[in-house]
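Colleague: I'd like to ask you about the structure that follows.
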Amino acid sequence: MVNASLPREKIPWFPSIDSDLCKGSKECLTFCPSNVFTWDEAGARTMVANPYSCTVGCSNCVRICTNEAITFPDMEELAATLKRLRSEMQQKPAVG
């Protein structure tokens, strides 16, 4: 879905956690192979620590969250953003 030449920091694809819904099970923390989450000891909640480590298009952590505390941007919005970024990259003049 994502061209490796697209700058990851320009792709707004990462989870958000509703702190009111998060019950601190740590399932997402232990599940995510990309190290996106961290544990907030003071709040006893999982937090998004490394948003741009999230694999673009992956939302598997949503399914394992029994409290439905994790959400992602809309897939249509993601597709539109990727299309725009690809277009911008094609329009840039070659350097050198």
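The values are calculated or read from the model by the stated rules, or taken from the named source; none is laboratory data. From a predicted model like this one, the values you see are computed outputs, not experimental measurements. Note that we place each Cβ from the backbone using ideal geometry, even for glycine, and neighbour counts take in every protein chain shown. Just the protein is used for accessible areas: all its heavy atoms, side chains included, with ligands, DNA and RNA removed. Shrake-Rupley method; radii C 1.70, N 1.55, O 1.52, S 1.80 Å.
Colleague: Inspect the stretch 79-95 for any residue being hydrophobic (A, V, I, L, M, F, W, C), over 21 Å from Ile11 (Cβ atoms) and in a helix (DSSP H, G or I) and give the result as yes or no.
Modeller: Initial filter on the stretch 79-95 (hydrophobic (A, V, I, L, M, F, W, C)): 79-80, 82, 85, 89, 94-95.
Subset that is over 21 Å from Ile11 (Cβ atoms): 94-95.
Now restrict to residues that are in a helix (DSSP H, G or I): none.
No, the conditions are met nowhere in the stretch 79-95.
Colleague: Still on this model: Within the stretch 31-70, track down each residue that is out of contact with any Leu (no Cβ under 8 Å at 6 or more places or on another chain), within 13 Å of Phe14 (Cβ to Cβ) and touching a residue at least 40 places away in the same chain (Cβ under 8 Å).
Modeller: Answer for the stretch 31-70, where residues must be out of contact with any Leu (no Cβ under 8 Å at 6 or more places or on another chain), within 13 Å of Phe14 (Cβ to Cβ) and touching a residue at least 40 places away in the same chain (Cβ under 8 Å): Tyr52, Cys54, Ser59, Cys61, Val62, Ile70.
Colleague: Further, regarding this structure: Is it the case that some residue within the stretch 11-20 is exposed (fewer than 14 other Cβ atoms within 10 Å of the Cβ) and not in a loop (DSSP other than H, G, I, E, B)? Let's see the steps before the verdict.
Modeller: Here is the first cut: in the stretch 11-20, the residues exposed (fewer than 14 other Cβ atoms within 10 Å of the Cβ) are 12, 16, 18-20.
Now narrow it down to the ones that are not in a loop (DSSP other than H, G, I, E, B): 16.
Taking every residue of the stretch 11-20 in turn, at least one turns out to be exposed (fewer than 14 other Cβ atoms within 10 Å of the Cβ) and not in a loop (DSSP other than H, G, I, E, B).
Colleague: Check Pro73 against each of (1) in a helix (DSSP H, G or I); (2) open to solvent by less than 60 Å² (accessible area, probe 1.4 Å); (3) in contact (Cβ under 8 Å) with a residue 40 or more places away in the chain and name the one condition it does not meet.
Modeller: Against the list (1) in a helix (DSSP H, G or I); (2) open to solvent by less than 60 Å² (accessible area, probe 1.4 Å); (3) in contact (Cβ under 8 Å) with a residue 40 or more places away in the chain, Pro73 comes up short only on (1).
Colleague: Scanning the stretch 40-58 for residues that are surrounded by 14 or more Cβ atoms within 10 Å (Cβ to Cβ) and more than 24 Å from Ala79 (Cβ to Cβ), which turns out nearest to the chain's Cα centre (by Cα)?
Modeller: First pass over the stretch 40-58, keeping only residues surrounded by 14 or more Cβ atoms within 10 Å (Cβ to Cβ): 40, 45-48, 51-58.
The next check asks that each one be more than 24 Å from Ala79 (Cβ to Cβ); those that pass are 40, 45-47.
Working: Asp40: 18, Arg45: 18, Thr46: 14, Met47: 12 Å.
Step by step, filter the stretch 40-58, then rank; the result is Met47.
Colleague: I need the full set of residues from the stretch 61-70 which are touching a helix residue (DSSP H, G or I) at 6+ places or on another chain (Cβ under 8 Å) and open to solvent by less than 60 Å² (accessible area, probe 1.4 Å), in order please.
Modeller: Matches in the stretch 61-70: Cys61, Ile64, Cys65, Ile70.
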